[in-house]
1. May I ask you to list the residues in the range 179-209 that are out of contact with any strand residue (DSSP E or B) (no Cβ under 6 Å at 6 or more places or on another chain), within 29 Å of W35 (Cα to Cα) and either more than 16 Å from the ligand (Cβ to nearest atom) or open to solvent by less than 10 Å² (accessible area, probe 1.4 Å) (or both)?
2. Among the residues in the range 252-259, are any in contact (Cβ under 8 Å) with a residue 60 or more places away in the chain, on the phi < 0 side of the Ramachandran plot and among the basic types (K, R)?
3. Enumerate the pairs (first residue in the range 299-325 and open to solvent by less than 40 Å² (accessible area, probe 1.4 Å); second residue anywhere and of a type in the set (S, T, Y) and in a helix (DSSP H, G or I)) with beta-carbon separation below 7 Å, excluding pairs fewer than 6 apart on the same chain, so at least 6 apart or on different chains.
4. Kindly provide the set of residues from the range 85-124 that are surrounded by 21 or more Cβ atoms within 10 Å (Cβ to Cβ) and of a type in the set (A, V, I, L, M), ordered by number.
5. Any residue in the range 108-131 that is at positive phi and at pLDDT below 95 sitting within a Cβ distance under 8 Å of a residue that is open to solvent by less than 60 Å² (accessible area, probe 1.4 Å) and of a type outside the set (D, E)? List the pairs, counting only those 6 or more apart or interchain.
6. I'd like to know if the range 391-399 contains one or more residues that are farther than 30 Å from D92 by Cβ, at pLDDT 95 or above and of a type outside the set (A, V, I, L, M, F, W, C).
7. Which of the following residues is in contact with an Asp or Glu (Cβ under 6 Å, 6 or more places away or on another chain), open to solvent by less than 10 Å² (accessible area, probe 1.4 Å) and within 11 Å of the ligand (Cβ to nearest atom): L246, L260?
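The values are calculated or read from the model by the stated rules, or taken from the named source; none is laboratory data. Owing to the predicted nature of the structure, the values given are computational and were not obtained by experimental measurement. For neighbour counting, all protein chains shown are included, and Cβ atoms are generated from backbone atoms with ideal geometry for every residue, glycine included. Accessible surface is based on the protein model in full, side chains and every heavy atom, while ligands, DNA and RNA are left aside. Shrake-Rupley method; radii C 1.70, N 1.55, O 1.52, S 1.80 Å.
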Amino acid sequence: MKHHETFPLVPVARGSGVWLYGPDGERYLDAVSSWWTNLFGHADAAINAAIADQLAQLPHAMLAGLTHEPAIRLAERLAARTQLGHAFFASDGASVVEIALKMSVHYWANVGQPQKREFVALADGYHGETLGALSVTDVALFRDAYGPLIRASHFVPAPLPTEPSECEPCCAACVVAPLAVLEKLLARSGDRIAGFIVEPLVQGASGMRMYHPDYLKGARQLCDHYRVHWIADEIMTGFGRTGSFLAVDHAGVRPDFVTLSKGITGGYLPLSVVLTTDAIYQAFYADSTARGFLHSHSYTGSALACAAANAVLDRFDANGGQLLPTNAAKAASFAPLLEPLRQLESVRNLRQLGMIWAFEVDGANPDFARKVFALGLKEEILLRPIGPTVYFMPPYCIDAGQFAHLVNGTVRVLQEVRA
Ligand SMILES: Cc1ncc(COP(=O)(O)O)c(C=O)c1O
């Protein structure tokens, strides 16, 4: 709050497409999709209409002892898309990570292996900021103050060079050593480990670090071999962000759990879901309540949010599933527009995957991110660098003119920061 005395919060009054508008008509291109949630732009007509329809019928009813059509339809559609046939709803990303962790440990207890209750995660990974999610998050800034409250986990190296380099999205050779470390850990402690959680292909919060899909294939094999659940946290990467519906689709592998949130409602309402396999579901299927999975949040599977999510899936289904190929063609057509950024000497390791672009800026000081944010607003762009990493993760509706506005504005911002 003290920082905000010199660096005031930015009021926003409305949104339309890629733009957010201030009360006096100022506009900002939302290059971060409002914390990676927005898919099709602000105030999208189809999602607005779906929410309004649902609002008139049933805004919310608890999903305990009751059920409703939007939740059932959504669960069926997500199961068909992911081949994971069981869905457990919650409201936010961190809450559904908690659920996946609890479900994994409870599964092992139900099948007679209660000693399997530790987790492995990737170095620099991020899975949310509630206590369980923080226990598998490796970002000191978020963890350190709460250290005494957090359970210890195992962290293994991500398949990335220590410093971002030209080898990103990282190559197949870079996965070998990190997989060997994972294997050593699982061989030694697999009988105590319940699950291995990863952000597939892109480590978002640690700076949009992009790695090779072969790591996911290798992790799947090791988790099978050592009987450890593989949890893919697709809260940021899901819903087409990396170019396929799920990031794990790039590797052609199925996790035991997939967590989804953010884009699930197109960035409109809080909703999250964990999807899992028949085998895991079966371990909870019993007369005894103690074997059942116990977890509840009041707004779990909110009907309004499920209606928004069904409208999002309608978009993925429309025109024979053209959305992802259209995004791929769009990203390819934007490549020449990045040239002014490439020309800047300070820009390193410009990379792209699906609808995510990122690069590092040489010589960024600790105040860099705040300066870029402030100067970006003057250029009508909303940027939130992560340390020295600047990234673009715009809504999918961005067009070439808007992308050029984003790139050219960013170039001017970086020149001014340097000056
Ligand atoms: C991969 C990943 N997992 C979990 C979360 C936490 O989601 P939420 O902020 O909704 O709790 C995030 C948020 O950025 C995320 O990127």
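1. L201, G204
2. Yes, because at least one residue in the range 252-259 is in contact (Cβ under 8 Å) with a residue 60 or more places away in the chain, on the phi < 0 side of the Ramachandran plot and among the basic types (K, R).
3. Taking only residues 6 or more apart or on different chains, the pairs are A305/T265; A308/T265; A309/T265; V312/T265.
4. Those that are surrounded by 21 or more Cβ atoms within 10 Å (Cβ to Cβ) and of a type in the set (A, V, I, L, M): A87, A90, A94, V96, V97, I99, A100, L101, M103, V120, A121, L122.
5. Listed by first residue and then by second, the contacts come to nothing, as the list is empty.
6. Yes: the range 391-399 contains one or more residues that are farther than 30 Å from D92 by Cβ, at pLDDT 95 or above and of a type outside the set (A, V, I, L, M, F, W, C).
7. Values: L246 fails: within 11 Å of the ligand (Cβ to nearest atom).
Just one listed residue meets the conditions, L260.
So that you can scan it fast, the table gives a plain yes or no per residue for (1) among the aliphatic types (A, V, I, L, M); (2) touching a Phe, Trp or Tyr at 6+ places or on another chain (Cβ under 6 Å); (3) more than 21 Å from G387 (Cα to Cα):
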{"position": "D138", "(1), (2), (3)": "no, yes, no"}
{"position": "G147", "(1), (2), (3)": "no, no, yes"}
{"position": "H154", "(1), (2), (3)": "no, no, yes"}
{"position": "P157", "(1), (2), (3)": "no, no, no"}
{"position": "P161", "(1), (2), (3)": "no, no, no"}
{"position": "P169", "(1), (2), (3)": "no, no, no"}
{"position": "A172", "(1), (2), (3)": "yes, no, yes"}
{"position": "P178", "(1), (2), (3)": "no, no, yes"}
{"position": "H212", "(1), (2), (3)": "no, no, yes"}
